[in-house]
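Okay, structure first, notes after.
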Amino acid sequence: MSETKFLYGAAVQGIQGFIFQTNKLREIVGASELVEEICTTKFEKMFEQFGVQYNQNNCILHAAGNIKYIFNNEQECAKIVREFPKAIFEFAPGVTVSQAVVTMEGKHEKFEDAVDELEKRLRTQRNKPMRSATLGLMGIERSRQTGMPVTFVKSETRFGKKENLHLDEGTKAKLYADPSGERLKTTKKLCEKAFGISFKDHDDRIAYNIEDITKNNDWIAIIHADGNGLGQVVQKVGKDQDLFKQFSEKLDEATTASAVEAYKYVKKEHDLKDDELIPIRPIVLGGDDLTVICRADLALDYVTMFMSKFEENTREMLKDANGVSLLKDVFEMESEKRLTACAGIAYIKSSFPFYYGYNLAETLCSLAKKDAKDKQEIKDGKELPKSCLMFHKVQDSFTEDWSAIAKRELTPQPNISFQFGYGV
């Protein structure tokens, strides 16, 4: 009789709200680093903390806010389920985690059945409201930026004079690597991953303030890119545990490689110097997701090259040790054995709220996906929509949904629309 196994899954919620809660770039990138650590080093440290043996082979997925891990022991699984959410509340206040566990026996003995059941349970958990760990009494001091209770006050010299910073717990975690607040968080890992550069002991080329990114004018771009039809692919690839693990790891590698090549292309085309500050700041890079803030004139070249390289790299890198495509059972045609991506670019003033800018970029990405699907006849799920891009320049102070923007700015007459998708 085989030993009973337990498939554990966790999904980080409220990532974008946590990251774009502020308009300060240093806090945004600090938040993105915290989210990146949650699914990697933080999850692994939980095992060490509770005396549980971490097995790299049992880790199926740990990227883009998602974790899947197989436990061989019920008690060890129970410890992580009990303690992991609390540890995350303390590590990144404002972020919540949904968890679910499936016992791999009976009708869920097969990995593919267990994964399907796990996703159903995770969706159920996401819909259950969780009590915020950042609530406070009405009579206590609140942060002027977030409205959350102030838990930390630090004196800093800014603009030639000393002033007190009144920070809530979440903002403190984004800014300071040391819990005592003695050392400013200098986040370099995501930049090293996105640019393919080792910054070693100095980070003078990394943008920590939005003023560092803007050049001759005050325009910046928020880019959000996402792979097409990944759910369709995972349904088939996810039936095999080893195949799913390989696919997840290699997809992350392909996305990272595409971002690196996109940066190198922009660096060459726009003559960015090796000793100058890089006017691009990655916010999310993992799985098939990419979110970037950059100087406005770089955005179109950067994202079109990223999508082009994403297709090339997923074709070449999504292969097993024998060189056989991991997508061989997904697509019949050899030319289709790769993934495609869609993207949205929101061009905004640097003073425009980042949260609305990101929402617009995400909406444009979704519209690009819809446009690509509508203009291509997809037969029996054997091919993916083409890569497609949509962008918009915000030229007023209204923060409306896209349908209102399109009607007011891009529809001069009832039967005429200037709303288009851009194929790659």
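Just so it is clear, none of the values below were taken in a lab; they were calculated from the coordinates. The model shown is predicted, which means the values in this text are computed figures rather than measured ones. Cβ placement follows ideal geometry from the backbone for every residue including glycine, while neighbour counts extend to all protein chains displayed.
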In nm, what is the difference between 0.36 nm times the number of residues separating Gln235 and Glu336 and their Cα-Cα distance?
-> 34.7 nm
What are the DSSP H helices in the chain that stretch 20 Å or more along their long axis, judged by alpha-carbon atoms, and whose average Kyte-Doolittle hydropathy comes to at least -1.0?
-> 74-91, 241-269, 299-317, 354-374
List the aspartates and glutamates whose Cα lies under 14 Å from the Cα of Lys250, skipping any in the same chain that are fewer than 8 positions away.
-> Asp242, Asp288, Asp289, Glu311, Glu312, Glu316, Asp320
Ranked from fewest to most other Cβ atoms within 10 Å of their own Cβ, Leu25, Leu230 fall in the order Leu230, Leu25
By how many nm would the segment from Lys107 to Phe199 lengthen if fully extended, with 0.36 nm per residue of separation less the alpha-carbon distance?
-> 28.1 nm
Among rounded, prolate and oblate, which fits the chain when a ≥ b ≥ c are the square roots of the eigenvalues of its C-alpha gyration tensor, a/c under 1.5 means rounded, and a/b larger than b/c means prolate?
-> oblate
Pop out the ³J(HN,Hα) list for region 51-56 in order, Karplus 6.51 cos²θ - 1.76 cosθ + 1.60 with θ = phi - 60°, rounded to Hz; leave Gly and Pro as x.
-> x, 9, 6, 8, 10, 4
Taking Arg281, Arg126 and counting other beta carbon atoms within 10 angstrom, the fewest-first order is Arg126, Arg281
Could you give the distance between the Cα centres of region 312-352 and region 220-294, to the whole Å?
-> 10
22 Å Cα-Cα reach of Lys172 towards lysines, excluding residues that sit fewer than 8 places from it in its own chain | Lys24, Lys42, Lys45, Lys86, Lys154, Lys161, Lys162, Lys185, Lys188, Lys189
Give the long-range amide H neighbours of Thr340: residues separated by 5 or more places, or on another chain, with amide H under 5 Å away, using H modelled in the peptide plane at 1.01 Å from N.
-> Asn228
For Phe152, distant residues with modelled amide H under 5 Å away | Leu167
Quick calc: nm separation of the 7 Å Cα→Cβ label points for Glu141 and Glu192 -> 3.7
